[in-house]
Every structure is written in structure tokens, then in C-alpha cells.
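Student: To start, I am sharing the structure in question, which I have written as C-alpha cells.
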Amino acid sequence: MSVTYVDTSNISAEVFVTVLLFLIVIAPLFSLAILRFFQGKKKAGLLLIVAGVAAYLVFQVVMKLFFD
């Protein structure tokens, strides 16, 4: 197995910052949802998953509108 390099020189700063900001929002929502499920708080866990999916859909719309 050989090591390959990914060329990231074609990614603009705007796209990088947009992806980074949405990851800072989306990842904690899913992480907290899993935590709430382990705590037995199913309603709060489902609410956080729905919020994460909604944030992901907003991210997809933003990427299509501004960077397509």
C-alpha cells in the first residue's frame, strides 16, 4: 500500500471556511445526540439529530447557491 497525496490547491479560502464552519456546527450536534441517547433522553437525542440533519441540508443549499 502506497501513500498518496491529495491536491488541495484548487480549494478556495471561501469554500474551506464555509465547510469548516458547518463542520463546527454539524459534528457536535450528532455527538451530543449520541450522548443524549446514552443518557436515556430519547426526545433530546432525536431533536439534536433533526437539528444536525437540518444544518446539513442548509449546508448543501449554501454550497449549491454560492459555490456551484
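One line per residue, one yes/no per condition, for (1) at pLDDT 95 or above; (2) assigned to a helix (DSSP H, G or I); (3) touching a His at 6+ places or on another chain (Cβ under 6 Å):
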| site | (1), (2), (3) |
| --- | --- |
| L23 | no, yes, no |
| I26 | no, yes, no |
| L32 | yes, yes, no |
| R36 | yes, yes, no |
| G40 | yes, no, no |
| A44 | yes, yes, no |
| I49 | yes, yes, no |
| A54 | yes, yes, no |
| V58 | no, yes, no |
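Student: How about segment 9-42: which of its residues are open to solvent by 60 Å² or more (accessible area, probe 1.4 Å) and touching a helix residue (DSSP H, G or I) at 6+ places or on another chain (Cβ under 7 Å)?
Tutor: Residues satisfying the conditions are V25, F30, L32, R36, F37.
Student: On to the next question. List the pairs whose first member sits in segment 28-42 and is within 10 Å of G52 (Cα to Cα), whose second member is open to solvent by 70 Å² or more (accessible area, probe 1.4 Å) and modelled with pLDDT of 95 or more, and whose Cβ atoms are under 6 Å apart, counting only residues at least 6 apart or on separate chains?
Tutor: none
The values are calculated or read from the model by the stated rules, or taken from the named source; none is laboratory data. None of these values were measured; they are calculated from a predicted model. Methodologically, a virtual Cβ is constructed for each residue, glycine included, from the backbone with ideal geometry; neighbour enumeration extends over all protein chains shown. SASA here: full protein model, heavy atoms, side chains in, ligands and nucleic acids out. Shrake-Rupley method; radii C 1.70, N 1.55, O 1.52, S 1.80 Å.
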